[in-house]
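The values are calculated or read from the model by the stated rules, or taken from the named source; none is laboratory data. Source: prediction; values computed, not measured. A quick note on method: Cβ atoms are made from the backbone with ideal geometry, for glycine too, and the neighbour counts reach across all protein chains shown.
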Amino acid sequence: MYQPTPDFPEWLPRIFQKILDLFGLSVNWADWGSLLTVLWAVVVFTLIAVVAQASVIFMVLMERKVLAWMTQRKGPNRVGPWGALQTLADGVKLLFKEDIIPKGANKFLFTIAPALFFLPTFVFFGLIPFTSQLLAVALPAGALFVFAISSLSVVGLVLAGWASNNKYSLLGGMRSAAQAISYEIPLVMAVLGVVLFTGSMNIGDIVKAQQGPFWNWYGVLLTPVSLFIFFISTLAEVNRVPFDLPEAESELVSGYNTEYTGMKFALFFLAEYAALFAMSAFNVAFFLGGYFSPFGKFILELLTHQEAAQMTGPLQLGLQVEMLFWFMMKTYLFIFLAMWVRGTLPRLKPDQLMGFSWKFLIPLSLINIFVIAIEKFMVLPGGESVMNHLPILQPGSSLSSWAIWIVIAAVVFGGFFILMSRLLSEKLEARLAHR
Amino acid sequence: MSTSPQHHNDFTQNRVLEGLKEIGKGMSTVLSHYFRPPVTLEYPEVMPDLSDRFHGRLCLLTKSDGTDLCIGCQACARVCPCNDLIQIEMHRDAQKKPVIDQFTIDLGRCIFCGNCTEVCPVDCIKFLPDFELSDFSREALVLDKKDLTLSGEESDQWRLVRGMEPLVE
Amino acid sequence: MSIQDIPGIFTEQGLKTEDLVVNIGPQHPSTHGVLRLITTLNGEVVKDMVPVIGYLHRSKEKMAESRSYFQYQPTLDRVEYLSSFFDHYVYVSAIERIANLKVPKRVQYIRMITMELNRITSHLLWFGTFLLDLGATSPLFYAFREREDIFKLFEDVTGARMMYNYYRFGGVNADLPPGWIERCRSFIRQMPHKIDEYESIVTKNPIVLDRTVGIGRMDQELCMKYGVTGSSLRASGIAQDLRKTNPYCCYDEIAFDVPVGTHGDVYDRYMVRMAEMRESCKIIEQCLDRIPGGDNQNVRNKQAEIDAAKAAAKERGEDPKSVPDLDPDWLIQGQKINLMTYKPPAGEAFTVCESPRGMLGCHMISDGTPKAYRVKWRGASFSNLSVLPELMIGNLYSDLMAIFGSLDVILPEVDR
Amino acid sequence: MSDEQNENGKTPTTNPPESGASAATKPAAEETVAPLIPAGLYGQVLEMANISVKHLGPDATGVEMIDIAPADLLRAAERLRDQHQFDLMMSCSGIDWKDHRESVYHLYSTKSHHYLAIKVTAVNDHSPSLFPVWPAADWHERESFDLLGIHYDGHPNLTRILMPSDWLGHPLRKDYKVDDPRLVWNER
């Protein structure tokens, strides 16, 4: 029978114990373990959900401010100081807007679609390891579960496209289905490399395996290409600009959410930002060492000269806060990157979109896994696996292992790029020639 | 004889890295704007500085002592593209001097083209750099003589700003 | 009962599919005005497209027959609102030809400066909306930043930002304000750098290249077949620019190049228009240097000298006529015209100029009365739009944005 | 007065300096094309090809105007396009002279940079369409039909282009009054 590893902090049973003593009940926490895990999961999940929603609301304002500053404008600054309450005002406005259901639309599907689109992103918040303890559900197959759920949001989009009885939304829905399918494969492949390294799919373990200074993180030295592929695929999964075909304003009059007004539109709108936040968080968890600080030691550790493991009570709380700080900093780095890309790049055409994924991203991710496999399981002539020579995991190993790894990566990736550019430029040359 | 835009063969070399470099260049330009001061104008607090020829609200200038300049010759009414937009009623008093009873301009239909200010023989109807003209009803947009006429000092101020000497006689 | 038995789902070739007829417009974010395209889509590929125009038809030509020449002029700004200086020039020069009015050189230079500035604003708006249609949001704001500077210059000269009503028969409304030429020169000097900035974002961007290179290709016969003129014609390789081939105003005294494309696809039209903006900057710079009389302050000082000399001559009893008048090239009005009752002689004229969209023609027939007998406007967008269906058939639906954007069509010029 | 459109010299005899020079640089590849005609002489050239032409003299901008009978309009148009490189049909303006309608075609040549105006009087509102010669005439002729009621025979799809398809009357006619009962705003 699956016995959940007791994944709650030790102070929880002591408090629980004190409460029960008041009522004079003696408790043996061993048989209460699973209840406490569930209790802890619920507490953490609500805490995270609130924190995530607040950050999503902040993200909407951040996007408008960042895009404004990039085009030499001021951005919203009327509602509240520096426009802080702008998103709240938008929310209230959308709340009071009339909620129109178009004639001939399938009422049930029309109302279900936004909920279906929002559901997976809400579930993601439970799986993100914000800090070592602030992880609601430490699923052993966390990574797999994330990508299984993320394909559910596409159903919501296609449903919205079909149910709103509008030709533009139908086109938007079809496009979003095609896009999500073709960009989920590179997404999963990118994470496959990381899972290969840590040996377990539990996201908490993946983050723990990236302990140590920043070159210890997967995305920096070991699998940078996966970071690149994962970031591009998240842009596609979340319909951000280079890939925002499903709701292309200039063509499809904002695609699937053309007919949505009021709170349903707000749900779509917030779900998109929540998905961006969740995907950036996963990006950080998988590739940028989750809540670890870039210079190996936590600031708190440097201040108090104590090891992180022995910290108790308020120091532990301080450590958690610092972990949350590092995690949020990295996540917002990716969110800023997504907004920066939105300000610059134009939209792709449907055929380019598919071509880019099937002809470029997926072959790249396959080759990437091939390289990671070499790194992981190659055996040196002396019979030892390269892994224990890798400077990253065992400090102080010889320089030669560094050279081996870099040579392998260079050869494989260089070959790939030349091959791909020959392939792609032929296509363009052919197109230029026949003009 | 013509500078034809650069030729297209420079796309054949390594396109993937070239593409990334170009995207990087474009993004660096966009980011460089991030640190430039905003050029937008915060309207209600900061008023735009308008040129003295700005086609804002129409007004009727007067002499320095406030007597009317308009002689009721209907030139402005006749040259206005919207036909019967300016209505003038006048009569001649004992000394054959024109007295304007009513001078209404319907700002609701006026297109601020400036034809009237050009043909006025006595330079009486002119523009003010005032563009906040919205109102709550169409009737309120019909300005009558009282709203249009500037006082003596205002007229002289108007003329001073545009480098014309005050009209004393 | 299997799926095959359900009537109407299967045909001999398998699943019964039918084309999706979509109404793009008349109210659509990227039709630059009110245009309706009845498109038959097979999946995402456009099978057939029928443009329906006339939603913005305000009968500009009928209005000309019920208003006097001067009364009709302000309505021109409302028709081709992106480049109304060209409309005014063509209308005013038609009357100047019929009535044989003399146009001083200074006025011709002022007209050239304002028209080229207007060409830059029109191309800037085209650049911004073209990229917005492709999906990039920020270039629009950079283009509008420059456009606002030019509108400030126009506001100083004509009093209005877009509705100018500045040209008169045989002259202009008022001279350039003192110090304007210096402000204009400082703006024009930094404009090419700004265009380099735009090009750094767009010109070699791989996504833009994918979406524009080889799309919507127009060779020379197709252009001639539909009467396409302007940058789209030049992008197909024909160096047809009226400022060079049939010079009007004083364009023959200005050295500038006519950018010509080679393949005639969307990318070439983009490159030609960007190059044209640079050419316009060159033209304006030369005009500012060579304008007869220079800055308005200079003209005023000269006029004051002449008046003083005349007054002195009068005191000395000599005939004030002996003092030479202001150089006729420096005036801003050829001859005095009573705008209210102006009646040009009966006649007919067909004047054309190179507007940012193509050949803008005005066929004016006057019969001696204060009202024109018939005015026919040859808008460039009218013919440029007629080529759209032939370019679109076979392309993807999202190519429509690139192709239609590259034609730079605005609907009021089509519907008049 | 500096003659702006200086390549259309007023008197036919002066050889236009501007376009002549630029025309000379054109490769004389098309042998079939007649040698370049100085602007303003196209009427006489057509007459040599026994097309009845009435010379109306240049208009105020120096554009040569000729009046061709509807009967041999198509023949003249083909000759102008093939022989004299008038490849761009700029516009077709319909004019209502109260008792009869007339359509004026303005042509332009991107090779010799000359203009030419052909006037055709519509015989009881019918005149031959120039669509077979210049397809660009399609929309222009539909507009003249729509606004002035000139029927162009041989036009592929002569329907209204600007006004709604069920509009009554032709707005640009001098005697046009909006008496369509369906238009409610008409009462004002």
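When we screen D:Lys177, D:Lys111, D:Lys119 for residues that are at pLDDT 90 or above and of a type in the set (D, E, K, R), the only hit is D:Lys119.
Within the bounds of the range B:146-165, is there any residue that is surrounded by fewer than 17 Cβ atoms within 10 Å (Cβ to Cβ) and on the phi > 0 side of the Ramachandran plot? The answer is yes, given that some residue of the range B:146-165 is surrounded by fewer than 17 Cβ atoms within 10 Å (Cβ to Cβ) and on the phi > 0 side of the Ramachandran plot.
Looking at A:Gln17, A:Gln53 in this structure, which one is in a helix (DSSP H, G or I) and either out of contact with any helix residue (DSSP H, G or I) (no Cβ under 9 Å at 6 or more places or on another chain) or modelled with pLDDT of 80 or more (or both)? The conditions single out A:Gln53. Among the residues of the range D:41-82, those identified as within 14 Å of chain C (Cβ to nearest Cβ) and touching a strand residue (DSSP E or B) at 6+ places or on another chain (Cβ under 6 Å) are D:Leu56, D:Pro58, D:Asp59, D:Ala60, D:Thr61, D:Val63, D:Glu64, D:Met65, D:Ile66, D:Asp67. Being under 23 Å from C:Tyr69 (Cβ atoms), crowded, with 24+ Cβ neighbours inside 10 Å and within 21 Å of the chain's Cα centre (by Cα), is that true of even one residue in the range C:382-405? Scanning the range C:382-405 turns up no residue that is under 23 Å from C:Tyr69 (Cβ atoms), crowded, with 24+ Cβ neighbours inside 10 Å and within 21 Å of the chain's Cα centre (by Cα).
I'd like to know if the range A:122-143 contains one or more residues that are farther than 24 Å from A:Met279 by Cβ and assigned by TED's automatic domain parsing to the domain that holds A:Lys65. Looking for residues that are farther than 24 Å from A:Met279 by Cβ and assigned by TED's automatic domain parsing to the domain that holds A:Lys65, one finds none in the range A:122-143, hence no. Taken together, the residues in the range C:1-27 that are in contact with a strand residue (DSSP E or B) (Cβ under 8 Å, 6 or more places away or on another chain) and over 19 Å from A:Gly173 (Cα atoms) amount to 6. For the range A:217-240, the set of residues classified as among the polar types (S, T, N, Q) and either within 30 Å of A:Val60 (Cα to Cα) or surrounded by fewer than 21 Cβ atoms within 10 Å (Cβ to Cβ) (or both) consists of A:Ser226, A:Ser233, A:Thr234, A:Asn239, listed by residue number. Checking A:Val146, A:Val92, A:Val123, A:Val66 one by one, the residue that is free of Cβ contacts under 8 Å to residues at least 60 places away in the same chain, assigned to a helix (DSSP H, G or I) and under 25 Å from A:Leu337 (Cα atoms) is A:Val123 and no other. Name the pairs whose Cβ atoms lie under 6 Å apart, with the first residue in the range C:356-374 and assigned by TED's automatic domain parsing to the domain that holds C:Leu339, the second part of a strand (DSSP E or B) and charged (D, E, K, R), and 6 or more positions between them or separate chains? Cβ pairs passing all conditions: C:Gly361/C:Arg378; C:His363/C:Lys376; C:Ile365/C:Glu348; C:Ile365/C:Arg374. Taken over the range D:96-111, residues that are in contact (Cβ under 8 Å) with a residue 40 or more places away in the chain, buried (at least 23 other Cβ atoms within 10 Å of the Cβ) and either within 11 Å of another protein chain (Cβ to nearest Cβ) or within 12 Å of the chain's Cα centre (by Cα) (or both) amount to 2.
Taken across the range C:185-205, residues that are touching a helix residue (DSSP H, G or I) at 6+ places or on another chain (Cβ under 6 Å), within 13 Å of chain D (Cβ to nearest Cβ) and modelled with pLDDT of 90 or more do not occur at all. Checking C:Tyr267, C:Tyr248 one by one, the residue that is touching a Cys at 6+ places or on another chain (Cβ under 9 Å) and in the same structural domain as C:Met392 (by TED's automatic domain parsing) is C:Tyr248 and no other.
Just need a number here: residues in the range C:27-74 that are part of a loop (DSSP other than H, G, I, E, B) and out of contact with any helix residue (DSSP H, G or I) (no Cβ under 6 Å at 6 or more places or on another chain). Qualifying residue count for the region: 9.
Screening C:Asp268 against (1) within 30 Å of C:Ile207 (Cα to Cα); (2) without any contact (Cβ under 8 Å) to a residue 60 or more places away in the chain; (3) out of contact with any helix residue (DSSP H, G or I) (no Cβ under 6 Å at 6 or more places or on another chain) leaves a single unmet condition, (3). Comparison of D:Asp125, D:Asp138 shows that the only residue that is away from every other protein chain (no Cβ under 12 Å) and free of Cβ contacts under 8 Å to residues at least 60 places away in the same chain is D:Asp125.
Just one of the listed residues (B:Pro48, B:Pro37, B:Pro44, B:Pro121) is closer than 30 Å to C:Val208 by Cα, more than 7 Å from every other protein chain (Cβ to nearest Cβ), part of a loop (DSSP other than H, G, I, E, B) and out of contact with any Asp or Glu (no Cβ under 7 Å at 6 or more places or on another chain), and it is B:Pro37.
Taking helices (runs of 4 or more DSSP H) as the structural unit, those lying wholly within the range A:166-259 and holding at least 1 residues that are under 18 Å from A:Arg347 (Cα atoms) correspond to A:167-198, A:224-237, A:249-252. Annotation note: of C:Phe144, C:Phe154, C:Phe127, the sole residue that is closer than 17 Å to B:Arg53 by Cβ and assigned to a helix (DSSP H, G or I) is C:Phe154. Checked against (1) under 30 Å from C:Asp156 (Cβ atoms); (2) surrounded by fewer than 24 Cβ atoms within 10 Å (Cβ to Cβ), C:Thr203 passes all but a single condition, namely (1).
Condition check: surrounded by fewer than 23 Cβ atoms within 10 Å (Cβ to Cβ), within 14 Å of chain D (Cβ to nearest Cβ), part of a helix (DSSP H, G or I) and of a type in the set (Asp, Glu). Does C:Glu221 satisfy that? It is true that C:Glu221 is surrounded by fewer than 23 Cβ atoms within 10 Å (Cβ to Cβ), within 14 Å of chain D (Cβ to nearest Cβ), part of a helix (DSSP H, G or I) and of a type in the set (Asp, Glu). The number of residues in the range C:270-296 being polar (S, T, N, Q) and either assigned to a loop (DSSP other than H, G, I, E, B) or modelled with pLDDT of 90 or more (or both) comes to 2. Listed here are the strands (runs of 3 or more DSSP E) enclosed by the range C:322-416 that have at least 3 residues being under 17 Å from C:Ser232 (Cα atoms) and within 14 Å of chain D (Cβ to nearest Cβ): C:347-355, C:358-366.
Which of (1) within 30 Å of A:Val407 (Cβ to Cβ); (2) part of a helix (DSSP H, G or I); (3) not charged (D, E, K, R) does A:Leu315 not meet, given it meets every other one? Failed condition: (1). Among the conditions (1) under 28 Å from A:Leu116 (Cα atoms); (2) within 14 Å of chain C (Cβ to nearest Cβ); (3) surrounded by fewer than 24 Cβ atoms within 10 Å (Cβ to Cβ), A:Trp340 misses just one, which is (1). Taken together, the criteria place C:Leu125 among residues that are away from every other protein chain (no Cβ under 11 Å), closer than 21 Å to A:Leu67 by Cβ and in contact (Cβ under 8 Å) with a residue 12 or more places away in the chain.
Can you confirm whether A:Leu353 is within 14 Å of chain C (Cβ to nearest Cβ) and either at pLDDT 85 or above or surrounded by 18 or more Cβ atoms within 10 Å (Cβ to Cβ) (or both)? So A:Leu353 passes the test. If the condition is being within 10 Å of chain B (Cβ to nearest Cβ) and free of Cβ contacts under 8 Å to residues at least 40 places away in the same chain, then the range C:236-265 contributes C:Gly237, C:Ala239, C:Lys244, C:Asp257, C:Val258, C:Pro259, C:Val260, C:Gly261, C:Thr262.
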